[in-house]
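Colleague: Okay, handing you the structure first.
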Amino acid sequence: MKYFLSGSVIIILILIALFGYRQNIFSYNTLPYDDEQHGLDDQIIINFSHVVAENTPKGMAAEKFAQLVEEKSDGRVIVKIYPNGMLYNDETEIEALRENEIQMIAPTFSKMTDLLPNWQVLDLPFIIDNNEELKTVLTGPLSEKLLQELNSINIKGLTFWNNGFKQIASTSPIINVEDFYEKRVRMMPSNILKQQFLLLGAEPIPTSFGNVYYDLQNKQVDAQENTISNIYSKRFYTMENHITLSNHGILCYAVMINEDFWNNLDEDIKAIILQSLEEIQDWQFEQAQQMNEKELNSLMQMKDVKIYKLQDSDRKQWKAKIQPIYEVYRKQYDENYLNEFLEELKKEQIIK
Ligand code: LMR
(Lines give C-alpha, C1' and ligand atoms only; values in the text may rest on other atoms or scores of the structure.)
Protein backbone atom coordinates (compact mmCIF):
# COMPACT_ATOMS: atom_id res chain seq x y z
CA MET A 1 0.00 0.00 0.00
CA LYS A 2 2.83 2.34 0.99
CA TYR A 3 4.58 1.59 -2.35
CA PHE A 4 1.36 2.08 -4.22
CA LEU A 5 0.75 5.53 -2.64
CA SER A 6 4.29 6.81 -3.18
CA GLY A 7 4.23 5.40 -6.77
CA SER A 8 1.00 7.31 -7.50
CA VAL A 9 2.44 10.54 -6.05
CA ILE A 10 5.55 10.19 -8.23
CA ILE A 11 3.45 9.57 -11.35
CA ILE A 12 1.27 12.61 -10.59
CA LEU A 13 4.38 14.77 -10.06
CA ILE A 14 5.85 13.58 -13.39
CA LEU A 15 2.59 14.38 -15.18
CA ILE A 16 2.43 17.88 -13.65
CA ALA A 17 6.04 18.50 -14.66
CA LEU A 18 5.40 17.33 -18.21
CA PHE A 19 2.29 19.49 -18.56
CA GLY A 20 4.07 22.50 -17.10
CA TYR A 21 6.98 22.04 -19.49
CA ARG A 22 4.73 21.85 -22.54
CA GLN A 23 2.76 24.92 -21.47
CA ASN A 24 5.96 26.84 -20.70
CA ILE A 25 4.73 27.44 -17.15
CA PHE A 26 8.16 27.05 -15.56
CA SER A 27 9.98 29.07 -18.16
CA TYR A 28 11.60 32.30 -16.96
CA ASN A 29 11.86 33.53 -20.55
CA THR A 30 9.20 36.08 -21.48
CA LEU A 31 7.68 35.95 -24.96
CA PRO A 32 9.48 38.04 -27.57
CA TYR A 33 7.94 41.51 -27.81
CA ASP A 34 6.09 42.18 -31.06
CA ASP A 35 5.95 45.88 -31.88
CA GLU A 36 3.02 45.40 -34.23
CA GLN A 37 0.89 44.04 -31.42
CA HIS A 38 1.31 47.22 -29.44
CA GLY A 39 -1.97 48.96 -28.74
CA LEU A 40 -4.10 46.16 -30.23
CA ASP A 41 -6.22 46.15 -27.11
CA ASP A 42 -7.22 49.74 -27.79
CA GLN A 43 -8.05 49.11 -31.43
CA ILE A 44 -11.67 49.40 -32.51
CA ILE A 45 -12.78 46.96 -35.17
CA ILE A 46 -15.82 47.77 -37.28
CA ASN A 47 -17.01 44.75 -39.25
CA PHE A 48 -18.74 46.00 -42.40
CA SER A 49 -20.69 43.41 -44.35
CA HIS A 50 -22.26 43.83 -47.79
CA VAL A 51 -23.63 41.65 -50.57
CA VAL A 52 -22.13 42.98 -53.78
CA ALA A 53 -18.73 42.58 -55.40
CA GLU A 54 -15.73 44.72 -54.47
CA ASN A 55 -15.61 46.40 -57.89
CA THR A 56 -18.99 48.08 -57.57
CA PRO A 57 -20.05 51.54 -56.36
CA LYS A 58 -20.84 50.16 -52.90
CA GLY A 59 -17.79 47.88 -52.73
CA MET A 60 -15.42 50.67 -53.68
CA ALA A 61 -17.03 53.19 -51.37
CA ALA A 62 -16.71 50.77 -48.47
CA GLU A 63 -12.99 50.29 -49.23
CA LYS A 64 -12.34 54.01 -49.50
CA PHE A 65 -14.24 54.67 -46.30
CA ALA A 66 -12.18 52.02 -44.49
CA GLN A 67 -8.91 53.54 -45.73
CA LEU A 68 -9.89 57.04 -44.66
CA VAL A 69 -11.04 55.98 -41.20
CA GLU A 70 -7.82 54.05 -40.61
CA GLU A 71 -5.70 56.98 -41.78
CA LYS A 72 -7.55 59.62 -39.81
CA SER A 73 -7.52 57.55 -36.64
CA ASP A 74 -3.84 56.56 -36.99
CA GLY A 75 -4.84 52.93 -37.08
CA ARG A 76 -6.98 53.08 -33.95
CA VAL A 77 -10.07 52.19 -35.96
CA ILE A 78 -10.02 49.37 -38.48
CA VAL A 79 -12.97 48.79 -40.78
CA LYS A 80 -12.96 45.18 -41.96
CA ILE A 81 -14.96 44.70 -45.13
CA TYR A 82 -16.80 41.46 -45.92
CA PRO A 83 -18.13 41.70 -49.51
CA ASN A 84 -20.24 39.33 -51.65
CA GLY A 85 -22.47 38.28 -48.76
CA MET A 86 -19.61 36.14 -47.41
CA LEU A 87 -20.76 36.71 -43.80
CA TYR A 88 -24.44 37.53 -44.12
CA ASN A 89 -26.80 37.79 -47.07
CA ASP A 90 -29.33 40.55 -47.54
CA GLU A 91 -31.95 38.55 -45.67
CA THR A 92 -29.79 38.13 -42.56
CA GLU A 93 -27.53 41.18 -42.44
CA ILE A 94 -30.06 43.57 -40.88
CA GLU A 95 -30.69 41.24 -37.94
CA ALA A 96 -26.95 40.63 -37.59
CA LEU A 97 -26.42 44.40 -37.44
CA ARG A 98 -29.12 44.86 -34.82
CA GLU A 99 -27.52 42.11 -32.76
CA ASN A 100 -24.09 43.79 -33.16
CA GLU A 101 -22.65 40.66 -34.74
CA ILE A 102 -21.48 43.08 -37.41
CA GLN A 103 -21.30 46.82 -36.91
CA MET A 104 -21.98 48.31 -40.35
CA ILE A 105 -24.02 47.45 -43.44
CA ALA A 106 -25.27 49.40 -46.46
CA PRO A 107 -28.35 47.65 -47.83
CA THR A 108 -30.47 48.94 -50.69
CA PHE A 109 -33.21 51.01 -49.06
CA SER A 110 -35.85 48.61 -50.50
CA LYS A 111 -34.59 45.97 -48.10
CA MET A 112 -35.51 48.15 -45.11
CA THR A 113 -39.13 48.52 -46.14
CA ASP A 114 -40.38 45.54 -44.20
CA LEU A 115 -39.29 47.27 -40.98
CA LEU A 116 -39.83 50.84 -42.16
CA PRO A 117 -42.65 50.79 -44.75
CA ASN A 118 -42.52 54.53 -45.52
CA TRP A 119 -39.09 54.03 -47.06
CA GLN A 120 -40.95 52.63 -50.05
CA VAL A 121 -41.34 56.18 -51.22
CA LEU A 122 -37.88 55.76 -52.77
CA ASP A 123 -39.06 52.63 -54.60
CA LEU A 124 -41.70 54.58 -56.52
CA PRO A 125 -40.82 54.45 -60.21
CA PHE A 126 -40.49 57.33 -62.68
CA ILE A 127 -40.07 60.09 -60.11
CA ILE A 128 -36.37 60.81 -60.43
CA ASP A 129 -35.18 61.63 -63.92
CA ASN A 130 -31.46 62.29 -63.68
CA ASN A 131 -28.38 62.09 -61.48
CA GLU A 132 -28.72 65.67 -60.21
CA GLU A 133 -32.19 64.95 -58.88
CA LEU A 134 -30.99 61.72 -57.40
CA LYS A 135 -28.27 63.50 -55.45
CA THR A 136 -30.64 66.25 -54.35
CA VAL A 137 -33.02 63.76 -52.80
CA LEU A 138 -30.40 61.50 -51.27
CA THR A 139 -28.65 64.37 -49.54
CA GLY A 140 -31.70 66.45 -48.64
CA PRO A 141 -34.05 66.69 -45.65
CA LEU A 142 -36.18 63.70 -46.68
CA SER A 143 -33.15 61.42 -46.64
CA GLU A 144 -32.24 62.81 -43.20
CA LYS A 145 -35.72 62.01 -41.95
CA LEU A 146 -35.54 58.48 -43.34
CA LEU A 147 -32.16 57.89 -41.68
CA GLN A 148 -33.52 59.11 -38.36
CA GLU A 149 -36.30 56.53 -38.51
CA LEU A 150 -33.63 53.88 -38.10
CA ASN A 151 -33.27 54.90 -34.44
CA SER A 152 -36.53 53.09 -33.74
CA ILE A 153 -34.87 49.77 -34.62
CA ASN A 154 -31.56 50.18 -32.78
CA ILE A 155 -29.71 51.40 -35.84
CA LYS A 156 -27.94 54.69 -36.42
CA GLY A 157 -28.35 55.90 -40.01
CA LEU A 158 -25.22 57.62 -41.31
CA THR A 159 -25.73 58.55 -44.94
CA PHE A 160 -26.90 57.37 -48.35
CA TRP A 161 -24.64 56.01 -51.06
CA ASN A 162 -25.62 55.88 -54.68
CA ASN A 163 -25.60 53.10 -57.21
CA GLY A 164 -27.83 54.63 -59.86
CA PHE A 165 -30.78 53.83 -62.04
CA LYS A 166 -32.36 50.42 -62.45
CA GLN A 167 -32.65 48.85 -65.88
CA ILE A 168 -34.44 45.69 -66.98
CA ALA A 169 -32.30 42.66 -67.74
CA SER A 170 -34.12 39.68 -69.21
CA THR A 171 -33.78 36.40 -71.04
CA SER A 172 -35.94 37.70 -73.92
CA PRO A 173 -36.58 41.32 -74.97
CA ILE A 174 -38.80 43.44 -72.73
CA ILE A 175 -39.49 46.67 -74.60
CA ASN A 176 -43.21 47.12 -75.09
CA VAL A 177 -45.20 47.13 -71.91
CA GLU A 178 -46.94 43.93 -73.10
CA ASP A 179 -43.59 42.13 -73.00
CA PHE A 180 -43.85 42.01 -69.21
CA TYR A 181 -46.89 39.78 -69.44
CA GLU A 182 -46.45 36.72 -67.20
CA LYS A 183 -42.69 37.22 -67.02
CA ARG A 184 -41.26 35.98 -63.72
CA VAL A 185 -39.38 39.02 -62.52
CA ARG A 186 -36.96 38.86 -59.60
CA MET A 187 -37.57 41.72 -57.17
CA MET A 188 -36.14 42.99 -53.91
CA PRO A 189 -38.56 42.64 -51.00
CA SER A 190 -40.80 45.71 -51.12
CA ASN A 191 -44.55 45.88 -51.53
CA ILE A 192 -44.30 48.84 -53.89
CA LEU A 193 -41.91 46.94 -56.15
CA LYS A 194 -44.31 44.01 -56.08
CA GLN A 195 -47.21 46.29 -57.05
CA GLN A 196 -45.10 47.80 -59.82
CA PHE A 197 -44.55 44.41 -61.46
CA LEU A 198 -48.14 43.30 -60.90
CA LEU A 199 -49.34 46.47 -62.64
CA LEU A 200 -47.03 45.65 -65.53
CA GLY A 201 -48.62 42.21 -65.81
CA ALA A 202 -45.55 40.32 -64.60
CA GLU A 203 -45.15 37.78 -61.83
CA PRO A 204 -42.90 39.26 -59.12
CA ILE A 205 -40.58 36.83 -57.36
CA PRO A 206 -38.74 38.03 -54.24
CA THR A 207 -35.20 36.66 -54.10
CA SER A 208 -32.11 37.62 -52.18
CA PHE A 209 -29.29 39.05 -54.25
CA GLY A 210 -27.08 36.07 -53.56
CA ASN A 211 -29.64 33.71 -55.14
CA VAL A 212 -30.28 35.60 -58.37
CA TYR A 213 -27.55 33.89 -60.36
CA TYR A 214 -28.66 30.48 -59.17
CA ASP A 215 -32.33 31.25 -59.95
CA LEU A 216 -31.36 32.34 -63.44
CA GLN A 217 -29.29 29.24 -64.01
CA ASN A 218 -32.22 27.13 -62.90
CA LYS A 219 -34.61 29.11 -65.08
CA GLN A 220 -36.74 30.15 -62.12
CA VAL A 221 -36.84 33.79 -63.20
CA ASP A 222 -36.97 35.49 -66.61
CA ALA A 223 -35.99 39.02 -65.71
CA GLN A 224 -34.91 41.47 -63.02
CA GLU A 225 -34.51 45.18 -62.45
CA ASN A 226 -31.02 46.21 -61.44
CA THR A 227 -28.25 48.67 -62.10
CA ILE A 228 -25.74 48.08 -64.87
CA SER A 229 -22.95 47.73 -62.29
CA ASN A 230 -24.76 44.87 -60.54
CA ILE A 231 -25.72 43.22 -63.84
CA TYR A 232 -22.11 43.50 -64.98
CA SER A 233 -20.19 42.58 -61.82
CA LYS A 234 -22.31 39.48 -61.15
CA ARG A 235 -22.33 38.48 -64.84
CA PHE A 236 -26.13 38.31 -64.93
CA TYR A 237 -25.86 39.39 -68.58
CA THR A 238 -24.53 35.94 -69.47
CA MET A 239 -28.07 34.64 -68.94
CA GLU A 240 -30.15 37.81 -69.12
CA ASN A 241 -28.59 39.05 -72.33
CA HIS A 242 -31.36 41.54 -73.21
CA ILE A 243 -31.03 44.83 -71.36
CA THR A 244 -33.58 47.62 -71.65
CA LEU A 245 -32.29 51.00 -70.55
CA SER A 246 -35.40 52.17 -68.79
CA ASN A 247 -33.98 54.20 -65.87
CA HIS A 248 -37.37 53.62 -64.29
CA GLY A 249 -36.26 53.51 -60.65
CA ILE A 250 -33.29 54.11 -58.38
CA LEU A 251 -31.07 51.79 -56.36
CA CYS A 252 -29.22 53.41 -53.49
CA TYR A 253 -27.85 52.38 -50.14
CA ALA A 254 -28.49 53.45 -46.59
CA VAL A 255 -25.18 53.29 -44.73
CA MET A 256 -25.84 52.32 -41.13
CA ILE A 257 -24.16 51.29 -37.90
CA ASN A 258 -25.36 49.48 -34.79
CA GLU A 259 -26.74 52.16 -32.47
CA ASP A 260 -25.34 50.87 -29.15
CA PHE A 261 -21.94 50.39 -30.74
CA TRP A 262 -22.13 53.95 -32.06
CA ASN A 263 -23.21 55.39 -28.72
CA ASN A 264 -20.23 53.75 -27.04
CA LEU A 265 -17.69 55.30 -29.39
CA ASP A 266 -15.68 58.32 -28.23
CA GLU A 267 -16.75 61.62 -29.76
CA ASP A 268 -13.50 61.96 -31.72
CA ILE A 269 -14.03 58.54 -33.35
CA LYS A 270 -17.61 59.42 -34.24
CA ALA A 271 -16.32 62.61 -35.82
CA ILE A 272 -13.75 60.65 -37.85
CA ILE A 273 -16.44 58.31 -39.17
CA LEU A 274 -18.75 61.17 -40.12
CA GLN A 275 -15.96 63.22 -41.69
CA SER A 276 -14.78 60.24 -43.73
CA LEU A 277 -18.28 59.66 -45.06
CA GLU A 278 -18.67 63.31 -45.90
CA GLU A 279 -15.32 63.46 -47.65
CA ILE A 280 -16.13 60.60 -49.98
CA GLN A 281 -19.69 61.62 -50.76
CA ASP A 282 -19.15 63.58 -54.01
CA TRP A 283 -16.60 61.05 -55.18
CA GLN A 284 -19.05 58.23 -54.40
CA PHE A 285 -21.88 59.73 -56.47
CA GLU A 286 -19.58 60.42 -59.42
CA GLN A 287 -17.94 57.04 -59.15
CA ALA A 288 -21.32 55.27 -59.30
CA GLN A 289 -22.34 57.21 -62.38
CA GLN A 290 -19.02 56.63 -64.16
CA MET A 291 -18.91 52.98 -63.32
CA ASN A 292 -22.39 52.36 -64.68
CA GLU A 293 -21.50 54.26 -67.88
CA LYS A 294 -18.21 52.45 -68.35
CA GLU A 295 -19.73 49.03 -67.80
CA LEU A 296 -22.63 49.83 -70.10
CA ASN A 297 -20.02 50.56 -72.78
CA SER A 298 -18.37 47.22 -72.13
CA LEU A 299 -21.73 45.45 -72.41
CA MET A 300 -22.40 47.28 -75.68
CA GLN A 301 -19.23 45.76 -77.12
CA MET A 302 -20.41 42.23 -76.38
CA LYS A 303 -22.01 40.67 -79.41
CA ASP A 304 -24.25 38.35 -77.40
CA VAL A 305 -25.71 41.15 -75.33
CA LYS A 306 -28.57 43.18 -76.81
CA ILE A 307 -29.14 46.66 -75.41
CA TYR A 308 -32.35 48.60 -76.08
CA LYS A 309 -32.93 52.22 -75.19
CA LEU A 310 -36.52 52.69 -74.07
CA GLN A 311 -38.16 55.06 -76.57
CA ASP A 312 -40.37 57.89 -75.32
CA SER A 313 -43.51 56.25 -76.69
CA ASP A 314 -42.79 52.99 -74.81
CA ARG A 315 -41.82 54.90 -71.71
CA LYS A 316 -45.19 56.66 -71.78
CA GLN A 317 -46.93 53.30 -71.93
CA TRP A 318 -44.94 51.88 -69.04
CA LYS A 319 -45.74 54.99 -67.00
CA ALA A 320 -49.42 54.83 -67.84
CA LYS A 321 -49.65 51.21 -66.70
CA ILE A 322 -47.77 51.93 -63.48
CA GLN A 323 -49.65 55.17 -62.70
CA PRO A 324 -51.97 53.67 -59.99
CA ILE A 325 -48.91 52.91 -57.86
CA TYR A 326 -48.75 56.47 -56.49
CA GLU A 327 -52.29 56.08 -55.20
CA VAL A 328 -51.31 52.76 -53.61
CA TYR A 329 -48.52 54.57 -51.77
CA ARG A 330 -50.75 57.43 -50.70
CA LYS A 331 -53.40 55.05 -49.38
CA GLN A 332 -51.20 52.47 -47.68
CA TYR A 333 -48.30 54.57 -46.39
CA ASP A 334 -47.67 58.08 -45.12
CA GLU A 335 -48.36 60.32 -48.08
CA ASN A 336 -46.41 63.19 -46.50
CA TYR A 337 -43.24 61.38 -47.53
CA LEU A 338 -44.29 61.44 -51.16
CA ASN A 339 -45.32 65.09 -50.93
CA GLU A 340 -41.98 66.01 -49.38
CA PHE A 341 -40.16 64.03 -52.03
CA LEU A 342 -41.91 65.92 -54.85
CA GLU A 343 -41.51 69.20 -52.99
CA GLU A 344 -37.75 68.71 -52.65
CA LEU A 345 -37.39 68.10 -56.33
CA LYS A 346 -39.37 71.25 -57.08
CA LYS A 347 -37.51 73.38 -54.52
CA GLU A 348 -34.23 72.69 -56.20
CA GLN A 349 -35.89 74.18 -59.27
CA ILE A 350 -35.56 70.99 -61.11
CA ILE A 351 -38.44 71.09 -63.49
CA LYS A 352 -39.84 67.66 -64.10
C1 LMR B 1 -30.15 43.72 -55.17
O2 LMR B 1 -30.61 42.95 -54.34
O3 LMR B 1 -30.32 43.57 -56.38
C4 LMR B 1 -29.29 44.87 -54.71
O5 LMR B 1 -29.88 45.40 -53.57
C6 LMR B 1 -27.90 44.44 -54.41
C7 LMR B 1 -27.07 45.61 -53.93
O8 LMR B 1 -26.77 45.65 -52.74
O9 LMR B 1 -26.75 46.44 -54.77
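Colleague: I'd like the GluC sites (Glu not before Pro) in the stretch 36-101 restricted to DSSP loop residues with at most 12 other Cβ atoms within 10 Å, sorted by number.
Modeller: Glu99
Colleague: Can I ask one more? If you put +1 on each Lys and Arg Cβ and -1 on each Asp and Glu Cβ, how big is the dipole of the stretch 148-204 around its Cα centre, in Debye rounded to 20? Before the final figure, lay out the partial values.
Modeller: Numbers: 6 positive and 5 negative charges, 47 e Å.
In total the dipole reaches around 220 debye.
Colleague: Please say if the chain is rounded, prolate or oblate, where rounded means a/c under 1.5 for a ≥ b ≥ c the square roots of the C-alpha gyration tensor eigenvalues, and otherwise the choice is prolate for a/b larger than b/c and oblate otherwise?
Modeller: prolate
Colleague: For the stretch 278-323, report the accessible area per residue in Å² (1.4 Å probe, heavy atoms, rounded to an integer).
Modeller: Heavy-atom accessible area per residue stands at 68 Å².
Colleague: At a 1.4 Å probe, what is the % contribution of carbon and sulfur to the accessible area of the chain?
Modeller: The nonpolar share, carbon plus sulfur, comes to 50 percent.
Colleague: I'd like the GluC sites (Glu not before Pro) in the stretch 120-212 restricted to DSSP loop residues with at most 12 other Cβ atoms within 10 Å, sorted by number.
Modeller: Working: sites: Glu132, Glu133, Glu144, Glu149, Glu178, Glu182; in loops: Glu182.
Within the stretch 120-212, the qualifying GluC sites (Glu not before Pro) (loop, at most 12 other Cβ atoms within 10 Å) are Glu182.
Colleague: Quick check on my link table: of Lys135/Lys319; Lys145/Lys270; Lys183/Lys294, which ones sit more than 26 Å apart, alpha carbon to alpha carbon? Intermediate results must be reported in sequence, preceding the final value.
Modeller: On the way: Lys135/Lys319 23 Å; Lys145/Lys270 20 Å; Lys183/Lys294 29 Å.
In this structure, Lys183/Lys294 exceed 26 Å between Cα atoms.
Colleague: Specify which residue in the list Gly157, Phe180, Thr136 is farthest towards the positive end of the charge dipole of the chain, using unit charges on the beta carbon of Lys, Arg (+1) and Asp, Glu (-1), about the Cα centre.
Modeller: Phe180
Colleague: What number, rounded to the nearest 500 deg cm²/dmol, is the helix-based mean residue ellipticity at 222 nm of the chain, given -39500 (n - 2.57) per DSSP H run of at least four residues and division by all its residues? Numbers along the way, then the final one.
Modeller: Working: 13 runs with 154 residues, N = 352.
Helix-only estimate at 222 nm: -13500 deg cm²/dmol.
Colleague: Would you please name the trypsin sites (Lys or Arg not before Pro) within the stretch 62-122 that are DSSP coil residues with at most 16 other C-beta atoms within 10 Å of their C-beta?
Modeller: Answer by residue number: Arg76.
Colleague: Can you work out the FRET efficiency for the pair Ser313 and Leu245, with r the C-beta to C-beta distance and R0 = 25 Å, to the nearest 0.05?
Modeller: 0.95
Colleague: Let me cross-check Trp318: its accessible surface, 1.4 Å probe, with only protein heavy atoms counted, in Å² to the nearest 10?
Modeller: It works out to around 0 Å².
Colleague: Another question, then. Given labels modelled 7 Å from the Cα in the Cβ direction, how far is it in nm from Gln43 to Gln301?
Modeller: If labels sit at Gln43 and Gln301, their model points lie 4.0 nm apart.
Colleague: Just the number please: accessible area per residue for the stretch 199-263, 1.4 Å probe, all protein chains included, in Å². Before the final figure, lay out each step's value.
Modeller: Details: 2080 Å² over 65 residues.
Result: 32 Å² per residue.
Colleague: Please report, in debye to the nearest 20, how large the charge dipole of the stretch 239-333 is about its Cα centre when each Lys and Arg carries +1 at its beta carbon and each Asp and Glu carries -1 there.
Modeller: Result for the stretch 239-333 is approximately 1080 debye, rounded to the nearest 20.
The values are calculated or read from the model by the stated rules, or taken from the named source; none is laboratory data. Since we're looking at a predicted model, the values are computed, not measured. Using ideal geometry, Cβ is built from the backbone for each residue, glycine included, and neighbour counts are taken over all protein chains shown. Keep in mind that these areas ignore ligands, DNA and RNA; they rest on the heavy atoms of the full protein, side chains included. Shrake-Rupley method; radii C 1.70, N 1.55, O 1.52, S 1.80 Å.
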